[in-house]
Amino acid sequence: MGRSIPLLKIESALADNRMQREECRTQSIATGSQAYVKSVKNQMGGFAIGSQIRKNAKGFELREPHPEYKAFFEVEKNDIEA
């Protein structure tokens, strides 16, 4: 029995040293077609409030909103200085 296409792609990438982190896959809730990403968001219900569907180079992704780093830590910094 032959190897599956995903396994062959992985073996090829390992052999050619092409293994790289893809931000859209590691920092997104879901990636894929627009229909798939919308389906995931609908299934999440209230857990998906605030998340956004964005188009990227390979399709679509569902991302959580990121709180602004500075705004969060400035409050703590001001509390410490007081």
Segment N42-H66, extension gain: residue separation times 0.36 nm, minus the distance between their alpha carbons: 6.6 nm
Counted neighbours (other Cβ, 10 Å), sorted fewest up, put I10, I5, I29 in the order I5, I10, I29
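FYI, it's all coordinate maths here, none of it is from the lab. Bear in mind the structure is a predicted one, so any value in this text is a computation, not a measurement. For neighbour counting, all protein chains shown are included, and Cβ atoms are generated from backbone atoms with ideal geometry for every residue, glycine included.
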